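Heads up, the thing below is written out as structure tokens.
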Amino acid sequence: MLKILNESKVSPFISFTRDEWKALRDSTPMTVSEEDLSIIRGINEKISLQEVEEIFLPLSRLMNIYYCAARQLYDSRREFLKEKGEKVPYVVGMAGSVAVGKSTIGRLLKILFSRWSTAPKVSLIATDGFLLPNSVLEARGLMNRKGFPESYDVRSLIHFLYELKSGKDDLKIPLYSHLTYDIVPGQFQEIKRPDIVILEGLNVLQTRSTMASQTNPELLVSDFFDFSIYVDADVADIKKWYIDRFLVFRETAFRDPKSFFRKYAELNTEDAIATASSIWEEINAVNLRQNIEPTKYHAHLILKKGPDHSVTDVFMRKI
């Protein structure tokens, strides 16, 4: 599919340069402050108010159009069904590589969406909570495959989405700790009747062909999405961001005695770079190449980042 899209003169996507995209902001008000950004920024991500203004306000405007249209369709269908319909959350899926900046974008979109004039209730969920516990991964010999499709409890994730889209109240999902690198026993994230759910993860756009290594469920995670976004960047840039982040963690989070990666805290810079590069090439690059990037063109919208993490191009699927 990638070859066809690259070689064909026609495309199912409309492409926008940064300048073309930022013009679509129109009169969408700025609802994010520098203080907000200081809270949501990821490691080594210098997201700015200019980036919000030029990239994410137009995206927020577009998403508001989609969301309001979905709500209007819900009202019309409820009238047709004589009020037997039930409103369910609007689900936005977001995929992309490790270290590409999905989590930061997710946090930003949560703020932007929640500050629309209709003030919808927005929940942000990472698929990390559906990773199999380390004890299970170790028993199956999958610790070095963490983040690969087979390391997730896909059936539980689909069951959660099924209940979410069925209108069930007060759902909860397992809590994951990046410090201990494991599911936290007995702790959960509660999801209470949100209007919008942003679900971000590495493999959320998988199709049946990309899930060939698993026992395929009858439903796919992406079956529950109303809109989907893929965060893209050149592999060389993502690798650099991964290594830069590793070096920051070496001086911060890895030094916590509870950290799963405590052993890396004492590495000198040269060894730390070599270690991070090895982990990237042996694990994350393989997962990106085999499982994540092939799902890119299943997204409704692709955000392409440049070397400095700023978005350079936007691709939107034609309706």
What ranking do 149-155, 270-276 get when scored by the average of other Cβ atoms within 10 Å per residue, highest first?
149-155, 270-276
Under 17 Å from Lys192, Cα to Cα: aspartates and glutamates that are on another chain or at least 8 residues apart
Glu86, Glu163, Asp169, Asp170
By a straight-distance test (C-alpha under 29 Å), which lysines pair with Lys263 as possible cross-link partners, with residues fewer than eight away in the same chain excluded?
Lys46, Lys102, Lys146, Lys239, Lys240
Please turn the phi angles of segment 24-38 into ³J(HN,Hα) values with the Karplus equation 6.51 cos²θ - 1.76 cosθ + 1.60 (θ = phi - 60°), one per residue in order, whole Hz, x for glycine and proline.
7, 4, 6, 9, 4, x, 6, 10, 10, 10, 4, 5, 4, 5, 5
What are the ³J(HN,Hα) couplings of segment 265-271, residue after residue, when phi is run through the Karplus curve with 6.51, -1.76, 1.60 and θ = phi - 60°? Round to Hz, x for glycine and proline.
5, 9, 5, 6, 4, 4, 5
Sequence-distant or interchain residues sharing an amide H contact under 5 Å with Gly101, placed H: which?
none
Whole-Hz ³J(HN,Hα) from phi, Karplus 6.51 cos²θ - 1.76 cosθ + 1.60, for segment 247-254, glycine and proline x
5, 5, 4, 4, 8, 10, 4, 5
Hey, got a sec? Which GluC sites (Glu not before Pro) in segment 60-111 land in a DSSP loop and have at most 12 other Cβ atoms within 10 Å?
Glu83, Glu86
Which value in deg cm²/dmol, rounded to the nearest 500, describes the helix-derived mean residue ellipticity at 222 nm for the chain, given -39,500 (n - 2.57) per DSSP H run of n ≥ 4 and division by the residue count?
-9500 deg cm²/dmol
Could you list log10 I(q)/I(0) for segment 190-319 at q = 0.18 Å⁻¹, which the Debye formula gives when each Cα is one point scatterer?
-1.12
Could you pull out every residue, at least 5 positions away or on a different chain, whose amide H is within less than 5 Å of the one on Tyr90? Hs are placed 1.01 Å off N in the peptide plane, and Pro or chain starts have none.
Ile196, Val197
Hey, fewest Cβ within 10 Å first, where do Trp280, Trp116 land in order?
Trp116, Trp280
Starting from the Kirkwood Rh over alpha-carbon pairs, what translational D in µm² s⁻¹ does the chain have by Stokes-Einstein at 20 °C and 1.002 mPa s?
103 µm²/s
Cα point-scatterer Debye curve for segment 40-164, base-10 log of I(q)/I(0) at q = 0.10, 0.15 Å⁻¹
-0.47, -0.90
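Throughout, read-outs are computed from the coordinates displayed, never taken from laboratory work. In this text the structure is predicted, and so the values were computed from the model without any measurement. Using ideal geometry, Cβ is built from the backbone for each residue, glycine included, and neighbour counts are taken over all protein chains shown.
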